Structure formats: structure tokens, C-alpha cells
Amino acid sequence: MDSIADSSSLSRRQLLRMIGITAGNAAMYQAMSSLGFAAESPYRGPVDLQGTPAGASVLILGAGMAGMTAAYELRNAGYQVQVLEFNGRAGGRNWSLRGGDTYTELGGFTQHCQFDKDLYINPGPWRIPYHHRGMLGYCKRLGVPLEAFVQVNYNAYLHNSQAFGGKPRRYREVKADYQGHVAELLAKATHQSALDASVSKEDQERLLESLRDWGALDRNFAYLAGAASSDRRGYAKEPGGGLTARPVYSEPVALGDLLDSKLWLNIASGDSYDMQTALFQPVGGMGRVGEAFGRELGPLIRYNARVIDIHQDGQGVSATYEDTGKPGSRLTARANWCLCTIPLSILSQIPMNVGPAMAAAIAAVPYASAVKVGLQFKRRFWEEDDHIYGGITYTDLPIANIGYPNTGYHSAGKGVLLGAYIWGLHAMEFTSMTPEERVQKAVDYGSQIHPQYRSEFDNGVAVAWHRSPFTMGCYGMWSSDTRARHYDDLCQIDQRILLAGEHASFIGGWQEGAVTSSLDAIQRLHQRVVAQGSKA
Amino acid sequence: MNTRFKCPPLPRLALLLLGAAVCAAAAAIARADDSSFAAVATLSNANGEDIYSRICQGCHMPHGEGAVGAGHYPKLAGDPALVSWQFVALTVLSGRNDMPAFGAALGQVWDGPTVHLSDAQVADVVNYLRSHFGNNYKDRVTASQVEKLPHPVIAGAP
């Protein structure tokens, strides 16, 4: 590994390269924002739908977050509501797999989850940021208790199989060292008058002061082993009490090694708007939200209903569906209006007489590939041995993430962690495997970070979203181009049919997108219904 | 389901794809090295069979049998649409409904990670599909034929 051991020899070009890393991130955030990421939820509190005409009815397709939000609000507003749901449970992608559950994916591969009581993974969404006010609002109204989701754990790992002999580093070490070296470089540049053209003399004093504080520099503006740096990155020997009290300071990693390691890639993992503290998770699993909605709506939801055809005419909308418990059966549901939340991956295959603009939009959105693997171990070694309580380890291995449970700390007995959370090419490859192969691969890769995997592994489950019978993919992928051409057409009311779901939002892949798209849709629908009066 | 762009770039793995399809044998599964995996840097070495077994079969299934759930994945075994290599190649290049495009140029911006196959790879996987799973079309597609087909442009400047 090329080492820039003597950092005083760093060239201006190298300095600029480092700043470029930051500029690159800024450019990326800008790109993300214009694609709809990092967008703030438009949720402004419970909707108020007044003046519903007597007898007005809405057929809702799909009992996920979007469908059940609509069903809940429209029912409360006096509509006659019926929901058709493909699965035998409420929630859709809002889902927790628990011990005793059985899951059969496309291709007929069946898994029996053998986790211990109260242990689970969330194959789909697993966190709710503090600004996803729609989701938080429904959790509150439905009485779903929340607990903290740990996004950034300073004692979790950053790992690159090609760096530091494949040994993981603690997040706190990487962050402190990166910050310390950058601060030292900037201080050096300031002292060498390299910033005179852009920073006034007075501001240079303040800049230096802030760099010392931000980067944990010593009084000579150096980032070296000592009290200041160990207070950030941790100690070689921890301070304690009594005769064993005296701490030993730890040695920072050299800048060159740090840069070469690429571990800086995930330093900002908790800085993006979606990932900023505080985040939450429902106590008992994300699926508690869908379950609570399902209880609330009770008989309004018809389960095991596979929609085959959607047809609108001058008076209403009919959906033909199959009771999946009776293959070949044909049933019909009808209402004045239809809110369809079926993922576009599936809706694009269902005959539905909407106009060419909406039809083109429905066909324009491919679905992302994603895989999660849950692993049960005989004990919570990540807490007992590694002192990692919740949070996420990032790795360049195909498993990408290890997510530690943000609950049940210090529990005796077995524990379940998220052994892989994968997107893109590697997700496609994991999808192509059998569930057993995915679990085995997750154990193999994870053991490079936690050797305890080998002796402590108990059992696992693996969910590949393109094999999910009810979504055939993870979430709808838009580009700026397809958004420009199709997004509004997707969201417009087409006579008596309108769509909702994360795919009809700028918060794609998040439950908040489903909730806010649903609220937006039903408010527009309600306006139209009220305008048309009882003839609706 | 919520960390697009928050993922690190996909890793560089030293080993290339092996030619064999994903092996169901337990001994092969248990191996701890990365030899059964592709990566961005090594994907370009994948041939038609590799691409099918690592990417396509996730949806179209190990024997091209497709699948049925709330919707369906088309069965490729005995699919009469495969008579047209252009249809198959255009589908791989540009995607269809929920199937992503694999023919977009590298580096295009998308709301999620993209996977890029070269024209030669598209030709190779098309040939593979049309000569396996009981399909027995004799004509072979070349990279230069694929190159002449329209390729998707996913996005302008974001």
C-alpha cells in the first residue's frame, strides 16, 4: 500500500483531491435531490375529508401502506371501502419474518423461519426517519410503539476486504482519523498562506480554532496519538479506576493508508437526510404497522385475492379477481372509484382500460433488485465479544451490510442479525441462488468480519425481492428522464382510476412515499367526488 | 428497501467468473472465496451462460421455466417469441415493464444501481437463451448486429 507517511509532504494537488472527495459528495447529494431523494415528506397532519356524498364507494387494490392509509382515511370520511389483497396478511412490503413463519418465493422455494420466539428480521423497510411524519403519525394513531433505530454505531465496523489485511476497523477510528487528518492539512495550508486568497486573516484565526476542535488536533495543530485524538478514536488501553486506571493512547492510522483503504466511503452514512438521527423502528418488527392497520380495517380487507382484470366504465370500476385458495375462481368487486396501489411490476401485466398516457407510465418503471438475509446465532456475540449494540457494519463484500438488532440488548439466548442487505448486481446474483445458498453465502462472507459466525451460526432466512410473489421487485426505479416523461401521467386520475404507492412518489422505496402518495391521491379523488355530488 | 445511493460502490473482487452455472452441490456452496461471484470489474468477462445463471435466472428461474405469483415472469423454455432474436436482444438492452435495461451506457444516472452488459454479452446471452431450455434456433447473433439496435438512454443530466 502506498503510504503518505510524512503528511507534511502532501502536495497542493493531493489536498485538492481530498477536498474533491467532499465536492463529489455534494454533487452527489444535489443529483440525489433532483431525483427525488433526500426529499422532505409533504405530510402536514391528518387529512380532513368533508362532505362525502352518501353511498360513494372506493375499491382499493393492495393492502400495503398506501392502500391501507387510503382505506383508513376514506372509511373515516364516510366512503364505502373494500380492499383486495393478494397476500394472506396485511402490510405488503411492511413485513417482519418471525420464527414459525413460512414464506414461499417465486419458483416454489419455501422457507420455514426457525428463529426463536420474539426474534425477527424485516425483509423490507426497517427504519423510519424522524421526518417521515406520515409514517410516524400513523404509528401514533394506531398505537404502534416505537424504539430507536441505530443508524450510526461508532463501535460498529467499516470493512474492506482489500485493506488492513482484511481486518475491519471501528467506525470511530476511521471517522476520527479522517477528520483529524483533513483538519491538520487545512490548518497546514492556512499556516502556509495557501488560503489567503479565499479566507480573510480574521477568519483564518477562527478557521484554525475550529479545525483544532473539529479534528481533535493538538496545540500545534497536529493530529497525533494523544489525549485529544484518543478521546475521539478510542484508546489502546481504556482509562479506568484504581491502580489499573492509566490510559494508553491509541495510534491514528496514517492518512495514506486511510485513503487507500476506501473506508471513508461510509463515513457519511448517517449524514444524509434519510439517515440522520433520530430514526425509529416499531417494537416487535416493522410488520407491526401493517398488522395494526389490518386489525383496524378488519373485514374491509379481502385477503388471498389475485387481481386479474380492472375495467372502468361510465358508472364505476370493476376488478375481477381470483381467490387464490380456489384456483380458477373468478370473483368481481365493484365501486364508483378505484385506488390501485398494486406495484407497477405487476400492474403492467394486468389488463386495465386506462388511457395511453397512464399505460405508458405504468410500463416505464423497472424494479430494483434487493436481498436481505436474516441469521440466527446461538448467542449475541456481537454484544458479548465485540461490544456492538445495534447499528450497521459496512463492507465491500457482496453482503454489503451487517445490521445488528436495535433491541433486546443483553438478552440471554439466541440472537438474530441482518446478515446481508444488498442492491444491484450482487442482489441479482443472490436472487439467482436458492434461499439456502444465500444464507450459506451470507455466513461465509460475514465470518470474514465476525469469525464467531462459524461456531455460533444456527439458522437463517433469505428474501430476494425479485422472487417476491407480491411485488416481483423491490421498488420502482425512476430516472430524471422517465420522471419527466411519465410521472405526472402516472399520478393523474384516469376517469375513475388513480394510482398510489411508493412508485407514485418522490420518496421512492420508502414507506413515506407510499403514505404521502396515498394521501395526495385520496384528496384529489375526494375533490372530484364532492364536485360530482351523489352521482359519483 | 431504502438505501439507494447510500450503498458503497460495488467491490472489486480479484477472481473472475467461472464458466459453470451456479452449482447446487453443498460442497461448492460452502466455499468461502469469491469465485462464484461477479462484480462490476469482472462482469465484463461473463459469457452468456454466466449471465443467465447469475442474473436472468433470478426471475426466469434455473430452467427458464418462468414463475407465476401476483404477476408472472415469462417462461423462456419453448417461448415462441424467441424466434425473433431482435425481440430478445431489445428486451435485454432496454428492459420490459419491471425488467431493468442492461444495455444502457455505463455511468448513466438511475434511481438505483445499474448493471451494464456489452453488445457482445447481449449477443451471447441471446444465443444462450435461443439454444437452451429446449429452444433450438440455429442462427447466431453477433455483437455487431446488437450494436445496430437502438440502445436505451436512461437519463439526461439529472
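All of the numbers you see were taken from the coordinates with simple rules; none came from a lab. Everything numeric in this text was worked out from a predicted model, so none of it was measured. Glycine also receives a Cβ, built like all others from the backbone with ideal geometry; neighbour counts cover every protein chain displayed.
Computed on region A:306-423, with alpha-carbon pairs under 8 angstrom and 6+ residues apart, the relative contact order is 20 percent.
Could you tell me how far the Cα centroid of region A:50-110 sits from the Cα centroid of region A:395-436, in Å? Cα centres, region A:395-436 to region A:50-110: 28 Å. Can you find, among A:I346, A:S200, A:I388, the residue farthest towards the positive end of the dipole of chain A? Put +1 on the C-beta of Lys and Arg, -1 on that of Asp and Glu. About the Cα centre, the residue reaching furthest to the positive side is A:I346.
Normalised by the number of residues in chain A, the average gap of Cα pairs under 8 Å and 6 or more apart makes the relative contact order 21 percent.
Taking a ≥ b ≥ c as the square roots of the eigenvalues of the Cα gyration tensor, an a/c ratio of 1.5 or more together with a/b larger than b/c marks region A:160-301 as prolate.
Scan region A:78-128 for trypsin sites (Lys or Arg not before Pro) in coil per DSSP, keeping those whose Cβ has at most 15 other Cβ atoms within 10 Å, and list them by number.
Sites meeting the loop and neighbour criteria: A:K117.
Roughly how many Å is it from the Cα centre of region B:69-143 to that of region A:488-508, as a whole number? Region B:69-143 and region A:488-508 have Cα centres spaced 29 Å from each other. Between the residues B:P150, A:V307, A:Q281, the greatest Cα displacement towards the positive end of the dipole of the protein assembly as shown, with unit charges on the Cβ of Lys, Arg, Asp and Glu, is found for A:V307.
For chain A, the longest principal axis of the Cα atoms and the long axis of helix A:12-35 meet at an angle of about 10 degrees.
Judged by the gyration tensor of its Cα atoms, with axes a ≥ b ≥ c, region A:422-507 is prolate; a/c meets the 1.5 cut and a/b is the larger of a/b and b/c. Residues in region A:418-432 carry Karplus couplings, in order, of 7, x, 6, 8, 10, 10, x, 3, 5, 5, 4, 5, 5, 4, 6 Hz; the curve used is 6.51 cos²θ - 1.76 cosθ + 1.60 with θ = phi - 60°, and Gly or Pro positions show x. Axis of helix A:287-297 versus longest Cα principal axis of chain A: the two differ by about 20°, to the nearest ten degrees. Each pair of Cα atoms in region A:59-141 enters the Kirkwood radius, and Stokes-Einstein at 37 °C and 0.692 mPa s then converts it into a translational diffusion coefficient of 221 µm²/s.
Rounded to the nearest 500, the helix-only mean residue ellipticity at 222 nm of the protein assembly as shown stands at -9000 deg cm²/dmol, with each DSSP H run of n ≥ 4 adding -39,500 (n - 2.57). Sparse packing (at most 14 other Cβ atoms within 10 Å of the Cβ) combined with a DSSP loop state is found for the following chymotrypsin sites (Phe, Trp or Tyr not before Pro) in region A:319-414: A:Y409. Each principal axis of the protein assembly as shown carries a Cα extent, and these read 80, 66, 58 Å when sorted largest first. Bridges between two residues of chain A, per DSSP, are antiparallel at a rate of about 75%. Across region A:290-394 the C-alpha pair distances fall into 10 Å bins from zero in the proportions 11, 27, 26, 15, 13, 7, 1 percent.
Within the straight-line cut-off of under 15 Å between alpha carbons, the aspartates and glutamates reachable from A:K414 are A:D116, A:D118, A:E383, A:E384, A:D385, A:E456, A:D458, sequence neighbours fewer than 8 places apart in one chain being disregarded.
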